[in-house]
Protein chains: 2
Amino acid sequence: MNLDFLFRPKSIALAGAAHSDHKLGGIVLGNLLKFRGEVYPINPRYTELMGMKCYPTAFEIPAKVDLAVIMRPASEVPEMLCELKDKAKGAIIMSSGFSEIGEDLLQDEVRNLGKELGIRLIGPNCMGVYNPHHRLDTFFLPKERLPRPLKGNVSIVSQSGAILSCLLSVVKESHTGIAKAVGYGNAIDIDASDIFDYLAEDRQTGVVVSYIESVGDGRKFIASAKNLSDRKPFILLKSGKGPGGQAAAYSHTGRLAGRYDVFHSILRQFGIKEALDFDELMDSAKALSMQPPLGGPLSAGVRQSEGVRRICIITNGGGSGVLASDECMRQGLEVMHIPEEKKKKLASVFPDFYGLNNPVDLTAQVKDEDYAVVMTELAEHYDGFILIALPNVFGITANLGKVAGEARLKIKKPVTANIASGGISAKITRLMEKSGIPVYPSPERAVRGLKALLY
Amino acid sequence: MNLDFLFRPKSIALAGAAHSDHKLGGIVLGNLLKFRGEVYPINPRYTELMGMKCYPTAFEIPAKVDLAVIMRPASEVPEMLCELKDKAKGAIIMSSGFSEIGEDLLQDEVRNLGKELGIRLIGPNCMGVYNPHHRLDTFFLPKERLPRPLKGNVSIVSQSGAILSCLLSVVKESHTGIAKAVGYGNAIDIDASDIFDYLAEDRQTGVVVSYIESVGDGRKFIASAKNLSDRKPFILLKSGKGPGGQAAAYSHTGRLAGRYDVFHSILRQFGIKEALDFDELMDSAKALSMQPPLGGPLSAGVRQSEGVRRICIITNGGGSGVLASDECMRQGLEVMHIPEEKKKKLASVFPDFYGLNNPVDLTAQVKDEDYAVVMTELAEHYDGFILIALPNVFGITANLGKVAGEARLKIKKPVTANIASGGISAKITRLMEKSGIPVYPSPERAVRGLKALLY
């Protein structure tokens with residue numbers, strides 16, 4: 001399905017436009033001010049809103065629009081849709097008050113109306129769309145509360161607005177950017193599969209991160225997810241994993257979550273990457289948004305081989321190295337011994353109390369440059385590197401970010417880091433992430449972030 | 001074993017004292033300036049250091065000391081110990097360069113010397129001791145790099161200095177404080193068991209958090225851990241869980257890590273709480289440092305019953321609520337339905353689009369006070385509450401911290417929170433934690449934090 005009307009509309013009507021950014025319809029209108037196409041605010045109580053001509057109903061709009069955004073109480077949505085007959089290709093129904101609170105009849109009515117009228121629907125009960133490449137922003141959250149990431153290559157597909165906004169924050173904080181972001185809510189028409197298909201073809205989308213609660217048509221979903229996953233780095237979090245979560249998912253988006261264990265094994269079978277929880281989704285999203293996966297971006301249809309990956313852990317704190325090792329084991333990554341000749345080489349340049357095993361323990365006497373020495377020396381023997389720094393010794397400085405970033409560019413292997421909190425941690429983290437290395441608050445999360453780059 | 005000489009010494013000798021805080025021995029001496037007992041710096045090259053008389057060797061010290069701190073290269077440690085004969089009750093050997101890098105003979109020599117001379121040993125390869133109630137700080141990390149927490153009731157027992165410093169940061173950031181903190185390293189004499197026994201009796205210690213890599217005498221360890229766990233909230237992270245991690249643990253502290261699966265099942269059998277990874281240890285430590293567990297502090301010998309706990313999740317973002325539900329299920333916590341009469345009560349005060357299930361979904365139209373209304377109304381039916389707030393809507397303000405904190409004091413049940421990042425998140429988090437509710441960066445971690453307070 002061509003979703004250009006949704007992600008790259010030429011014109012937009014906003015039902016429920018308001019004058020004040022203390023009203024949701026006012027926030028959306030404010031966010032549409034930067035949109036370069038035509039915007040038609042609809043509100044019978046105004047003739048003008050934010051400098052734009054305002055229309056009493058959609059009937060009066062003097063043109064056809066690609067997209068209508070509906071921000072009115074649920075009970076008014078059917079009427080709004082009727083007014084959009086022959087006017088709009090698609091509509092985002094932001095309003096809540098449908099199946100998620102038991103209003104199934106109303107939701108069915110809206111679904112049927114969409115079909116009858118030939119208007120494709122996103123939502124209801126959803127966040128809408130953000131496409132900075134197109135200056136499109138239909139979110140009902142003000143920018144000062146949800147700072148928007150800049151243009152980039154990460155696309156987000158989330159059934160939940162809450163999780164969408166968390167993912168946007170991660171992308172923003174990672175100094176990377178967004179290709180397309182969409183919160184699609186109750187999915188009475190356009191669903192995750194439709195969006196996956198579109199993003200698989202979308203040139204601006206380099207990486208896709210997705211949170212879903214209900215699958216809908218299982219075969220269609222798996223086919224789309226597999227197609228996407230074959231072509232681009234893609235990671236998925238499915239919630240509603242058990243009876244409690246399923247009930248919660250049902251009352252959230254009014255769609256059955258389905259049996260998770262069956263779904264999970266199908267994903268595995270088709271090689272679709274799954275995050276187990278929120279943190280893993282965020283951590284993977286961060287890694288994928290900052291570095292190309294091992295072997296560079298995927299070419300269409302070419303999957304990476306899935307042999308065991310060899311990891312080198314470089315630390316200045318023994319305990320953190322042990323925890324990273326443990327996590328590598330849990331994740332099926334090999335913490336391979338350092339080849340003997342390399343060990344000798346490193347021993348010749350390092351003090352004799354450094355621990356030249358894997359993890360490499362640079363001890364409390366570490367210097368920034370030591371990390372780069374190990375990375376460079378061992379690059380050919382490992383598939384990825386975990387850098388762990390406890391910045392509470394003098395040898396670790398803010399310069400570590402630059403040193404490690406340069407070494408990464410040289411060795412062309414995935415690298416993630418754990419910088420323990422306290423002291424100059426925040427400064428190192430900022431510089432390291434600017435140089436393209438994602439930083440995590442624990443050794444285990446640095447390992448999980450790296451894993452997302454290795455398979 | 002009475003470890004007062006270690007945790008509450010009256011006098012300290014420092015072998016390897018230095019003049020500059022760019023040397024480890026200088027940092028330690030600087031940290032000892034606030035100590036109220038006698039301090040005897042030892043360094044043959046100085047007659048005075050930081051305003052204190054300096055002694056060429058321990059022989060010249062004109063008194064007996066409770067504790068010697070040794071910060072000299074490994075090869076000099078035997079000589080230092082000999083000089084302390086009849087002078088010191090115990091010694092902290094901070095120096096690395098022993099079994100952790102294969103120097104087993106040297107380590108054995110030091111162990112035997114300690115026995116012969118009747119000097120109890122902590123270390124080697126360790127961080128030392130921090131007891132703010134006694135103004136004692138032997139850490140070799142400068143305060144600007146590792147800000148020290150204030151006095152409090154949390155004690156930390158860590159084999160690794162790295163993990164110890166991370167735990168100290170968590171305590172510091174949680175606005176709580178430390179009773180005793182010790183990094184005990186290679187454990188050639190005094191080990192975790194000895195310290196657990198001491199802390200079980202220690203009045204200032206309300207909560208114990210521990211990270212260990214090697215167990216040593218398994219029976220002794222389990223007996224001490226069980227005794228401690230029967231008397232005080234106690235949580236343990238054991239690393240070196242698999243072959244890779246075991247090898248890493250061995251090269252870190254030079255002690256075999258042992259088979260994890262056996263150890264794990266014994267802990268379970270004895271009701272000793274275990275964290276599965278670094279994040280869970282930090283999250284549990286944070287919760288236990290901020291709130292009394294369900295039913296209040298344990299009385300000696302009285303364990304809490306371990307029935308299924310009923311959790312109420314209150315959110316303004318459906319997706320986050322679903323993830324919290326999923327995690328409750330994984331953790332064996334029940335997300336029980338809201339009793340019908342309470343649902344009616346809530347329906348009478350809330351807008352009709354609020355989702356009055358569990359999770360309670362306050363939607364994007366939420367107000368701060370709504371959280372307190374639900375907590376108060378449902379307090380008697382639940383054992384604990386998870387508050388989830390996405391602060392990117394106008395209804396959530398910094399005042400949420402105060403409102404939720406007051407409600408918690410009223411209902412007297414464990415409460416944790418997840419505040420999504422972005423916008424005014426940091427401000428709300430600060431205020432909420434000041435009012436005693438630990439805040440976590442994901443729904444799942446808020447659940448795991450709550451769990452630490454429930455069993």
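Data overview
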{"read-out": "Lone unmet requirement of (1) modelled with pLDDT under 90; (2) within 20 Å of the chain's Cα centre (by Cα) for A:ALA248", "value": "(2)"}
{"read-out": "Residue identified as within 30 Å of B:GLY321 (Cβ to Cβ) and of a type in the set (A, V, I, L, M, F, W, C) among A:PHE278, A:PHE350", "value": "A:PHE278"}
{"read-out": "Residue match in segment B:399-413 (condition: under 32 Å from the mean Cα position of the chain (by Cα), within 20 Å of A:CYS126 (Cα to Cα) and either within 14 Å of chain A (Cβ to nearest Cβ) or not acidic (Asp, Glu) (or both))", "value": "no"}
{"read-out": "Residue tally, condition in contact (Cβ under 8 Å) with a residue 40 or more places away in the chain and assigned to a loop (DSSP other than H, G, I, E, B), over segment A:137-176", "value": "11"}
{"read-out": "Residue check, A:GLY177 away from every other protein chain (no Cβ under 14 Å), out of contact with any Phe, Trp or Tyr (no Cβ under 6 Å at 6 or more places or on another chain), at pLDDT below 95 and within 19 Å of A:GLY123 (Cβ to Cβ)", "value": "no"}
{"read-out": "Verdict on A:ASP202 being within 20 Å of A:ARG135 (Cβ to Cβ) and either at pLDDT 95 or above or more than 12 Å from chain B (Cβ to nearest Cβ) (or both)", "value": "yes"}
{"read-out": "Residue tally, condition closer than 21 Å to B:VAL69 by Cα, assigned to a loop (DSSP other than H, G, I, E, B) and open to solvent by less than 10 Å² (accessible area, probe 1.4 Å), over segment B:177-218", "value": "5"}
{"read-out": "Residue that is nearest to B:ASN316 (Cα to Cα) [pool: residues in segment B:442-455 that are open to solvent by 10 Å² or more (accessible area, probe 1.4 Å) and within 14 Å of chain A (Cβ to nearest Cβ)]", "value": "B:ARG445"}
{"read-out": "Complete set of residues in segment B:55-77 that are in contact (Cβ under 8 Å) with a residue 60 or more places away in the chain and hydroxyl-bearing (Ser, Thr, Tyr)", "value": "none"}
{"read-out": "Check on B:VAL403, in contact (Cβ under 8 Å) with a residue 40 or more places away in the chain and either crowded, with 20+ Cβ neighbours inside 10 Å or of a type outside the set (A, V, I, L, M) (or both)", "value": "no"}
{"read-out": "Residue check, B:ILE222 open to solvent by 10 Å² or more (accessible area, probe 1.4 Å) and more than 25 Å from B:LEU136 (Cβ to Cβ)", "value": "yes"}
{"read-out": "Any chance B:VAL171 is more than 14 Å from every other protein chain (Cβ to nearest Cβ), β-branched (Val, Ile, Thr) and open to solvent by less than 10 Å² (accessible area, probe 1.4 Å)", "value": "no"}
{"read-out": "Residue count, segment B:20-54 (criterion: touching a residue at least 40 places away in the same chain (Cβ under 8 Å) and more than 14 Å from every other protein chain (Cβ to nearest Cβ))", "value": "4"}
{"read-out": "In segment A:130-143, the residues that are out of contact with any helix residue (DSSP H, G or I) (no Cβ under 6 Å at 6 or more places or on another chain) and more than 15 Å from A:LEU33 (Cβ to Cβ)", "value": "A:HIS133, A:LEU141"}
{"read-out": "Hey, A:SER165 over 14 Å from A:ILE188 (Cα atoms), within 13 Å of chain B (Cβ to nearest Cβ) and buried (at least 24 other Cβ atoms within 10 Å of the Cβ) or not", "value": "yes"}
{"read-out": "In segment B:64-82, the residues that are in contact with a strand residue (DSSP E or B) (Cβ under 8 Å, 6 or more places away or on another chain) and under 18 Å from B:ASN43 (Cβ atoms)", "value": "B:VAL65, B:LEU67, B:ALA68, B:VAL69, B:ILE70, B:MET71, B:ARG72, B:VAL77, B:MET80, B:LEU81"}
{"read-out": "Any chance A:PHE263 is open to solvent by less than 30 Å² (accessible area, probe 1.4 Å), at pLDDT below 90 and not polar (S, T, N, Q)", "value": "yes"}
{"read-out": "Filtered residue count, segment B:346-372, keeping only those that are among the hydrophobic types (A, V, I, L, M, F, W, C) and either surrounded by 21 or more Cβ atoms within 10 Å (Cβ to Cβ) or in contact with a Lys or Arg (Cβ under 9 Å, 6 or more places away or on another chain) (or both)", "value": "6"}
{"read-out": "Condition broken by A:VAL322, with the remaining ones in (1) modelled with pLDDT under 95; (2) over 25 Å from B:LEU167 (Cβ atoms); (3) within 13 Å of another protein chain (Cβ to nearest Cβ) satisfied", "value": "(2)"}
{"read-out": "Segment A:259-280 residues that are within 20 Å of A:LYS451 (Cβ to Cβ) and within 13 Å of another protein chain (Cβ to nearest Cβ), paired with ones that are polar (S, T, N, Q) and open to solvent by less than 50 Å² (accessible area, probe 1.4 Å) (beta carbon under 6 Å, 6 or more apart)", "value": "A:ALA275/A:SER284; A:PHE278/B:SER442; A:ASP279/B:SER442"}
{"read-out": "In segment A:141-162, the residues that are crowded, with 24+ Cβ neighbours inside 10 Å and more than 14 Å from the chain's Cα centre (by Cα)", "value": "A:LEU141, A:LEU146"}
{"read-out": "Subset tally (residues that are open to solvent by less than 90 Å² (accessible area, probe 1.4 Å), outside any loop (DSSP other than H, G, I, E, B), touching a helix residue (DSSP H, G or I) at 6+ places or on another chain (Cβ under 7 Å) and away from chain B (no Cβ under 11 Å)) for segment A:326-345", "value": "1"}
{"read-out": "Checking B:LYS115 against (1) more than 23 Å from A:SER421 (Cβ to Cβ); (2) open to solvent by 30 Å² or more (accessible area, probe 1.4 Å); (3) assigned to a loop (DSSP other than H, G, I, E, B), the condition it does not meet", "value": "(3)"}
{"read-out": "Meets criteria (within 24 Å of B:ASP326 (Cβ to Cβ) and either within 14 Å of chain A (Cβ to nearest Cβ) or under 22 Å from the mean Cα position of the chain (by Cα) (or both)) for B:VAL439", "value": "yes"}
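The values are calculated or read from the model by the stated rules, or taken from the named source; none is laboratory data. Predicted model only: the values in this text are computed from it and were never measured. Because the Cβ atoms are built from the backbone with ideal geometry, glycine has one as well, and the counts that use them run over all protein chains shown. Heads up: the accessible areas ignore ligands, DNA and RNA and are worked out on the full protein's heavy atoms, side chains in. Shrake-Rupley method; radii C 1.70, N 1.55, O 1.52, S 1.80 Å.
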